[in-house]
Amino acid sequence: MKINKLVFLALAIFSFDSLQANTIEEVVVTSSIIGKSASEIADPIHIVSGDDISTEATQSLGETVDDLLGVSTADYGSAVGQPIIRGMSGSRVKILDNGIVNRDVSGLGADHFNDIDLGNAQQIEVVRGPSSLLYTNGAIGGIINVVDNSIAMEDVEQLVKVGGETQSVNEGNTTTFFYQDNLNNLNVSFAYKNTDLENYDVPNGAIMHEEEEHHDDEDHDEHEEEHDEHEENLGFLANSDFASESMKFGASVVSDNGYLGFSISSSESSYGIPFHGEGHEGHGDEHGDEHGDEEEGHDEHEGERIFTNTDSDKFDIKGSYDLDGFNFANSVDFFFRDSDYSFTEQHAEEEHEEEEHHDEDEHEEEGHDEHEGHAEEGPTTFTNDSAEAGFIFDLSNDLFSQKISFNLVNEDTAIFGAEAFMNPASRDEATIGYYLSRSFNDFELDFGVRFDTIDNKGSVSSAHEEEHHDEDEEEHHDEDEEEHHDEHEEMETDYYDKSFDSSSIAFNIGRQLNDFVDVNLGFASVERAPSSIEMFMNGAHLATGRFEVGNVNLNSETSNNIDFSVNINNGSFFASATVFVNDVDNYIYLQDETEEEHEEHDEEHEEGHDDHGGLILANYLQQDAELDGYEIEFGNTFELASGELLMSYGRDEINGEFSNGGNIPRLNPARNIYKLKYSQDDMSFGLMFKDVEEQNDIGLGETATAAYDMLNAKFTKTFDLDSQSQLTLSIFGNNLTDEVARNHSSYVKKEVPLPGRNYGVRFNLTF
């Protein structure tokens, strides 16, 4: 059932000059990035509060920020949600954990999730502009910083939190526990979270299964039709389950001169991969007609449990020391992080009846063992070991705020196993960043600059076939038979040491026009060195259904972004509008081969010359590109006889083209977001209606994505149990209309639809 969007829009427009209400009490939210309130920051920024996080359904980081204007997600089932900021994704968006880059292997695959625990998050900050240059390099899109209080910077009081959640779409359960206290001047904290989500439900008909067109056998066609019907009415997405357990312990000592603390965190997870590309097509007539008719065109991994296990350990040291009395700086913040991360993908083949298969010995005699491909598919392990240290000196005085940062990073990445598509690689970084903020009467200036030296070491291996004539075999050949050759593959490895020197600069100028209106002009020129996977990738990436090939000759990207925003806040009414243009020199992207090129490769495969396993060949390329778009939002708060009613409308849109005129692939379409929230004392009720438009501006090799609507609701009530105890209960419903929805930015949008209708309850007990 469609919601009348015009009603929301008309009411929001009417509120522009209608009811006069008292000014809402301002809630001051401080960004941990630069220690200023959100209203004082000229950079474009979103801050999601911990209360909002703790009352929502358990979901990925990308889903958590997906409702923010200019921010979206690229999903891969319930576990994976890669954040996207204004069309920038992957390594262009840096994920920070308490101001330190989270170095997992999420950038190595679309099916890899961000190793970020939101169980005890105080807030999530989405930051662009000058201040982001202080913390990391290459953040063309911006940074997302998840903040908790595991290392307390101020003395804490005793606090215990217990939480629980259940949701219907996946029969999921989540439990959380948090404890903090000051024990003899030692601040300690402990956080625990356990999540168990089963395969999630999907709307009827959401599972798409293409009919095969190459089978001539009538009986087999009937079997296909039955199979298609079963798939479409399955009701849930296979291999979409997710389970995780995480723990974090922290301790700190606070004095008049600063603080010093450490934290140890450990997390493990296991989740299914709902799609795996066909790595070995072409079981055609050469296997015999009977075998070919039965197996050709089916997903090789059908009937398999394909899942991952992750293991992450992080050790942090953080502190701050007051340098009062030194001319150089007021204080210094310092940190050290050692992280060890592994991601193991495994296959568990289901048992099959013996009669469903041909005799194994018969296949071996023919040289076409049916299980040969599966035998090669043992576990594949991705590892990332990193160490990072940094200092941030505060050089502020009475006239302006300024900070300077120094960072050193060593990162070693390796992939081992049957699906290892990249040789081990290492990356060393040495960086310096500078940030300045100063007020000039009605003007506010933010300025940032950063210099980076990055050294990428890696290698690319390629197979070379050599033919060896089998003389013994030739003696037994008939005259009409072809000569038999044994083919031997020899691997040749080329080693590379690629260094990049980059510089980035950004500034924002804000101006208060009057008591209600302010404007902001921002400019940023940010360089990003190519990642290891973009340079050294060379193999089958089944999670994306592609054979991906890197390019060791890639140059650094340079993003030249300019944006202009207007903000209005007149008591009950608020509005904002931002327009931006982002020219990216040497934009790096993964280009799929066209259908014609894929058909040519299929023909080559039939002739025995294709080495891509039937996968789509995709190459990392680069050319100049331009992205432009806008974000608008306006709303009004109505004071009622009891409580208040907030109504708002927001819209974001982004377009992207290459210099040759083609569209940038996997850009999410325009969205309209309508919000209604009623609040009264310790109770609130909210509705959000998201109207996602059709995406027809597609890149080469892409397909269009249909529009969809999403209706979510949430009711929250807080109960005071006694003077020190409080219970917060939230009831939520997502995708209430059970809409079939697909995310255009997903590599597997056809095979992996978004979840169906979901109801749930969450409670948080604090004492």
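Compactness check for segment 678-767: Cα Rg over 2.2 N^0.38 Å is 1.53.
Cβ-Cβ distance of Asp722 and Phe249, R₀ of 35 Å, FRET efficiency by 1/(1 + (r/R0)^6): the value works out to about 0.75. In sequence order, segment 419-435 has phi-based couplings of 10, 6, 9, 8, 6, x, 9, 10, 9, 10, 10, 9, 9, 9, x, 9, 9 Hz under the Karplus curve 6.51 cos²θ - 1.76 cosθ + 1.60, θ = phi - 60°, and Gly or Pro positions carry x. Note on Ser503 and Leu765: the model spin-label points, each 7 Å out from Cα along the C-beta direction, lie 6.0 nm apart. When the listed pairs Lys677/Lys749; Lys161/Lys714; Lys677/Lys750; Lys690/Lys714; Lys248/Lys457 are checked against a 23 Å cut-off, the alpha-carbon distance exceeds it for Lys677/Lys749; Lys677/Lys750; Lys248/Lys457.
From the square roots a ≥ b ≥ c of the eigenvalues of the alpha-carbon gyration tensor of segment 38-157, which class results: rounded (a/c under 1.5), prolate (a/b over b/c), or oblate? It is rounded, given that a/c, with a ≥ b ≥ c, falls under 1.5.
Here r is the Cβ-Cβ distance between Phe262 and Val581 and R0 is 45 Å; the resulting FRET efficiency, rounded to 0.05, is 0.55.
Between Asp311 and Glu157, the contour length at 0.36 nm per residue exceeds the Cα-Cα span by 52.2 nm. Phi angles of segment 562-579 translate, via the Karplus equation with coefficients 6.51, -1.76, 1.60 and θ = phi - 60°, into HN-Hα couplings of 10, 9, 9, 9, 10, 10, 10, 9, 10, x, 7, 9, 9, 7, 8, 8, 9, 10 Hz per residue; Gly and Pro are given as x. Between Val566 and Asn696, the contour length at 0.36 nm per residue exceeds the alpha carbon distance by 43.8 nm. Using the Karplus relation 6.51 cos²θ - 1.76 cosθ + 1.60 with θ = phi - 60°, the per-residue 3J(HN,Hα) values for segment 66-83 come to 5, 7, 7, 4, x, 10, 9, 9, 10, 8, 8, x, 6, 7, 10, x, 7, x Hz, with x marking Gly and Pro. With the highest mean first, a sort of the peptides 267-275, 497-505, 442-450 on other beta-carbon atoms found within 10 angstrom per residue produces 267-275, 442-450, 497-505. Peptides 393-399, 421-427, ordered by how many other C-beta atoms sit within 10 Å of their residues on average, highest first, read 421-427, 393-399.
Here, each number is a calculation from the coordinates, and none is a lab measurement. Everything numeric in this text was worked out from a predicted model, so none of it was measured. Note that we place each Cβ from the backbone using ideal geometry, even for glycine, and neighbour counts take in every protein chain shown.
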